[in-house]
1. Compute a Gaussian network model of chain D, connecting alpha carbons closer than 10 Å, and tell me which residue from D:Arg137, D:Arg86, D:Arg120 fluctuates the most.
2. Can you sort C:Ser11, C:Ser110, B:Ser56 by how many other beta carbons sit within 10 Å, fewest first?
3. For labels at D:Arg120 and B:Thr182 in the simple 7 Å Cα→Cβ model, what's the distance in nm?
4. Would you please give the FRET efficiency between D:Asp143 and C:Glu132, computed as 1/(1 + (r/R0)^6) with r the Cβ-Cβ distance and R0 = 60 Å, to the nearest 0.05?
5. How do A:Arg15, B:Arg10 rank when sorted from fewest to most other Cβ atoms within 10 Å of their own Cβ?
6. Take the cross-link list C:Lys47/D:Lys172; A:Lys29/B:Lys123; A:Lys48/D:Lys47; A:Lys48/B:Lys57; C:Lys29/D:Lys172 and give me the ones stretching past 28 Å between alpha-carbons.
7. Scale the Cα Rg of chain A by the rule-of-thumb value 2.2 N^0.38 Å and send over the ratio, two decimals.
8. Give me the percent relative contact order of the range A:12-56, please, defined on Cα pairs under 8 angstrom at least 6 residues apart.
There are 4 protein chains.
Amino acid sequence: MITPPSSLRRSERARRATLQAALDLCTEKGYGRVTIEAIAARAGVSKKTIYRWWPSKGAVLLEAFTDALVDATPFVDTGDIAADLRTHVAGAVALLSVPPFGPAYAGILSELHHDDVLARALKDQLVDPRVEEAVARLRSAQDQGQIPPGANLPLAVEMLYGPVYYRHVLRKPVQDEETIATLVAHVLRALGA
Amino acid sequence: MITPPSSLRRSERARRATLQAALDLCTEKGYGRVTIEAIAARAGVSKKTIYRWWPSKGAVLLEAFTDALVDATPFVDTGDIAADLRTHVAGAVALLSVPPFGPAYAGILSELHHDDVLARALKDQLVDPRVEEAVARLRSAQDQGQIPPGANLPLAVEMLYGPVYYRHVLRKPVQDEETIATLVAHVLRALGA
Amino acid sequence: MITPPSSLRRSERARRATLQAALDLCTEKGYGRVTIEAIAARAGVSKKTIYRWWPSKGAVLLEAFTDALVDATPFVDTGDIAADLRTHVAGAVALLSVPPFGPAYAGILSELHHDDVLARALKDQLVDPRVEEAVARLRSAQDQGQIPPGANLPLAVEMLYGPVYYRHVLRKPVQDEETIATLVAHVLRALGA
Amino acid sequence: MITPPSSLRRSERARRATLQAALDLCTEKGYGRVTIEAIAARAGVSKKTIYRWWPSKGAVLLEAFTDALVDATPFVDTGDIAADLRTHVAGAVALLSVPPFGPAYAGILSELHHDDVLARALKDQLVDPRVEEAVARLRSAQDQGQIPPGANLPLAVEMLYGPVYYRHVLRKPVQDEETIATLVAHVLRALGA
DNA sequence: CGTTAAGCGAGACGGTACGTCGCGTCTTGCG
DNA sequence: CGCAAGACGCGACGTACCGTCTCGCTTAACG
């Protein structure tokens, strides 16, 4: 992902094996103990091949995480903005609750401050698109009169995701359904809904 | 900090030099490139001495960070809950905006998922006390009728801090004063104030 | 050389480019830093093509060296055995004194102990024929009465070439004309001439 | 050897284990298949430790070889120069005939052309001192009238050692006692003895 | 008021992983 | 089908830090 040099005759087998091995090792030993060396050995792939296609282990796991996330938390519009936000946040929370995705994502976040390439990739491939989707869903609710016209929608998204990130990085127990419902209700109320 | 063995004949010089060297290196190279080896060399201290008093580089930087944070963001009660929350969040945001504290804290957070000792220390020494203080301040406002009786105060704290952590770990530009004001207003409105 | 598989549709361009690139690299970086990879890149030839026609980089350079050596040190018979030996040894010494041939030959020698194929090729294509020629020339002198009948001619050849190899392998400065003359005189005297 | 940085608190155990492991591996797999990696593993020593004290595997084996050679081929003076030379050359030849010393020395020689440090070390520690000794023994014979006054003694040494090196690098079978005797006789006759 | 045990600097040590290089094999597509 | 291009599995390279371990030396506490 990030910056595939040519992709012309890349081995799909090697790619799949690498991503799977990375996730498996993340489950077994935790992100911090995953090494490129071990991924290569587990996947039956050479280190050179990994370095050819990914700049770091963070990039490998970001790709694996993204692949898994794509269809795990779709954005739907049932017409009920509160219900849809609950569904969406619950989906993200659920994904972060299970290995290897919770640890993997925490690990990726942990690299951001000393890996500009990874930070850029995360922003472009994961964060920005999803924020965009969330804002779009809120705007749709706004059009339907469920949210006042002048509401600060991006801030609302941060108020929704913020506590999720806060608890995830601080390793606090993940929110239950009821807390999520309360959170969504609070945010909507904060918007003046 | 964390677990000083005896402290009886501990060299204060070595302690100070270590913490300072750690912060300096964090400024110069970023948390990820700080190593115990480099801290020792910079501080003119032996690695053995560092390992005697701290279990990891994260612990060193947590102590340095805590020392610096203690008097940087006091909790005051002027009677105006909105103003007080703005002041408090602005203080935290300001601290996270400048090296070495922003990078240092991000680095510490990045270790939590594979360093239980550090996670515990952070929770006990930094996070819980400060959440406690914030909740206390909100309760005081509640007593004065500025916030409805049944409000979920801990969730409010998460809604305040959440976006700060969210932006910090994702390396988004830190909030300006106006955004902070809006955030505080939204949270208070969410509480029904 | 060594073992060309079929030669039916072999590209002469690729062969020449490979040998020339190998010699050039040998001059520029020294034998030890020549790699098949670099030869291929320099020659604009694929690695596969090199491996198709030569078993190792030593074999490539042996072929290049042999090609160059063929007409560089002819064996003549002027009737004066001392003069002819001087001419011959001086020719070999001169060739070993200049890049890329000196380094190339030293490099080839360095592979012999772990490359049986190359050792065999060197013996069959280079060493044995030349020793044969040298012995023949000595025998001719013997027939003319310049050397006693019972003399150990093969040992004489070794006493001639031995010091040349000795100095070449140990990287001692190559013999000058006078030393060569003395050497030849000593060897002839040793034979009882 | 070569250039020990400080030697202050060097582990003798690590040094011995390294040299022994290097020799053992040389016997088992041949010089070309000995790697620093394998020496370290075999010796129970870290690669760092090897690199701390030796610049290359050639240097390791040179030290091991030198240690072994020191007392294996002493230079004696029985008064009979021919006998002493025979003894001495036979000693060297014998040492080169058995693993790991033959292969080890061939391997060391093979590195000389692309390893200036090693070449220097070999010259200073091994070759020059031994040539010195040989010349000294010849000079002693000269003093006793066994060799004419004007004889070129250093050339004589090369004529003695030359064929040994010649056969060793070309992997020809090592000389037997009779050939050595003939060689010595020839060289002495060449000197005018 | 020594003595003595600690904390200390220095840095060697056995390890693990790094990211790179070159090997020799292979696959693909062009001429 | 030979060839260029170059991805691949493999394995060694030499380096960086890890956390542990002596070493002597200072230095403060207590006998």
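Read the figures in this text as sums done on the coordinates, not as results from a lab. The model shown is predicted, which means the values in this text are computed figures rather than measured ones. Counting neighbours? That spans all protein chains shown, and the Cβs are built from the backbone with ideal geometry, glycine included.
1. In the Gaussian network model the winner is D:Arg120.
2. On the way: C:Ser11 12, C:Ser110 24, B:Ser56 16.
If I rank by nearby Cβ atoms, fewest first, I get C:Ser11, B:Ser56, C:Ser110.
3. Modelled inter-label distance: 6.8 nm.
4. Values: r = 42 Å, r/R0 = 0.70.
It comes to 0.90.
5. On the way: A:Arg15 20, B:Arg10 14.
Fewest-to-most ranking of A:Arg15, B:Arg10: B:Arg10, A:Arg15.
6. On the way: C:Lys47/D:Lys172 33 Å; A:Lys29/B:Lys123 23 Å; A:Lys48/D:Lys47 22 Å; A:Lys48/B:Lys57 31 Å; C:Lys29/D:Lys172 30 Å.
Violating the 28 Å limit, Cα to Cα: C:Lys47/D:Lys172; A:Lys48/B:Lys57; C:Lys29/D:Lys172.
7. On the way: Rg = 18.6 Å, N = 193, 2.2 N^0.38 = 16.3 Å.
It is 1.14.
8. On the way: 29 pairs, mean separation 18.6, N = 45.
Once normalised by length, the contact order is 41 percent.
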